[in-house]
Amino acid sequence: MKKLLVVKGLKAYYQIGPEENVKAVDDVSLTLYEGEVLGIAGESGCGKSTLARSLSGLFLPPLRHISGEVLLDGVDITKIDERRLRKEVLGKKISFIPQSSMNALNPTLRIRNFVVDLMREHNPELLEEEVLRRAEERFDSLSLSKKVLDSYPFELSGGMRQRTLVAVSTLMNPDIVVADEPTSALDVTSQRQVIELLAVMIERKIMKSLIFITHELPILGQIADRIAIMYAGQIIEIGTLSQVIFASSHPYTKTLMSSMIVPEEGMRERELPSVPGSPPDLRHPPNGCRFAQRCPQATDECRANDIKLRRFQGRLVRCIHPLKVEREL
């Protein structure tokens, strides 16, 4: 399979003082293949949204690119200047769908005016008539009413706003779409509509691949081909959907998956597992494995040594127990 995106050792920190940083994304490596949906999951504050923004190559203060590469078709976009990035990459090769549709859409503009402003920012030569024609065609192809273009965001339901944002964010048919919690704060029906819309866009090759970020694990079972689990700014496990959900290797992933509520008999009486303690302070993360302070399997070796992603039975795991890893990534 063709590799569309390769991330190597990416570090992106928030500068909160002259010599103090929040290490929100710290040594992240992953690969996205053409035609796949890569799900990224983890608890709130683990760095998922920061990673989503970092994958665009655009680092706005206080977020800083410290080191590492984001290779898009072999080109490291962290080294491209902002003007060229906005003109040649964002929206065209990679597009970002934020989690809050109400915040992303300008409440003082009709959708049509928002679309025109957005498209002409990337391509000033485009005429308004051409932009609106493309938007109407895209909305129609996705079974969205063209009347939405004449609406203000507050006139639309949450689900309709999110579906509109998905359509607008992909008007230039980007190779990769990064969707940051696109179903958060939506009811079950609206969530299903958004997921179905994204699936249709991949099927019709409106986009080639999707990175779907969420903290709602059951949703990934509906759409993802592979899943990456984040904890304290790092990827701790990457594997196929069945590997991660049904045969997890990392102790944190195992607990995360067993905490999912499933509609089966006796579920109400069952006590869901929990992880003692709290995630580490990312201003001063501990040495060694960042989960070691909460892990029942942790040893002195885990606490002392930096743990890298390693291959194990067809997946990548940032753990030395109970694995006997084959080789480092």
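Between Lys8 and Val275, take the C-beta separation as r, use R0 = 51 Å, and let me know the FRET efficiency to the nearest 0.05. Result of the calculation: an efficiency of 0.95.
Between the Cα long axis of helix 188-203 and the first principal axis of the chain there is an angle of about 80°, rounded to the nearest 10.
Ordered by packing density, taken as the mean number of other Cβ atoms within 10 Å over each peptide's residues, highest first, how do 87-95, 151-159, 231-239 rank? Please report the intermediate quantities before stating the final value.
Numbers: 87-95: 19.7, 151-159: 15.2, 231-239: 24.6.
Ranked by mean Cβ neighbours within 10 Å, highest first: 231-239, 87-95, 151-159.
Sorted on the mean count of surrounding Cβ atoms within 10 Å across their residues, most packed first, peptides 172-181, 77-86, 29-38 read 172-181, 29-38, 77-86. Available extension along the chain between Arg133 and Lys205 is 24.0 nm, counting 0.36 nm per residue and deducting the alpha carbon span.
Modelled label positions at Glu155 and Asp140, each set 7 Å beyond Cα in the direction of Cβ, lie 2.0 nm from each other. Cα centroids of segment 21-53 and segment 136-157: 31 Å apart. With the convex hull drawn around the C-alpha atoms of the chain, the volume per residue stands at 153 Å³. Each peptide among 51-61, 219-229 gets the average number of other Cβ atoms lying within 10 Å of its residues, and from highest to lowest they stand as 219-229, 51-61.
A helix-only calculation puts the chain at -8000 deg cm²/dmol for mean residue ellipticity at 222 nm, using -39500 (n - 2.57) for each DSSP H run of at least four residues, averaged over all residues. The amide H of Leu4, built 1.01 Å from its N in the peptide plane, has Leu32, Tyr33, Glu34 as neighbours under 5 Å, considering only residues 5 or more places off or on other chains. Using Cα atoms only, what is the angle between the long axis of helix 111-122 and the major principal axis of the chain, expressed in degrees (0 to 90) to the nearest 10? Result, in degrees: 70. If R0 is taken as 25 Å, the Cβ-Cβ distance between Asn305 and Arg283 corresponds to a FRET efficiency of 0.70. Taking 0.36 nm per residue of separation and subtracting the current Cα-Cα distance, fully stretching the chain between Thr240 and Leu71 would add 58.6 nm. Take the Cα of Asn103, step 7 Å toward its Cβ, do the same at Leu60, and the gap between the two points is 1.1 nm. Given the pairs Lys205/Lys254; Lys3/Lys254; Lys87/Lys308; Lys8/Lys205, which span a C-alpha to C-alpha distance of over 31 angstrom in this model? With Cα atoms farther than 31 Å apart: Lys205/Lys254; Lys87/Lys308.
Read the figures in this text as sums done on the coordinates, not as results from a lab. What you see is a predicted model, and the numbers here were worked out from it, not measured in a lab. For neighbour counting, all protein chains shown are included, and Cβ atoms are generated from backbone atoms with ideal geometry for every residue, glycine included.
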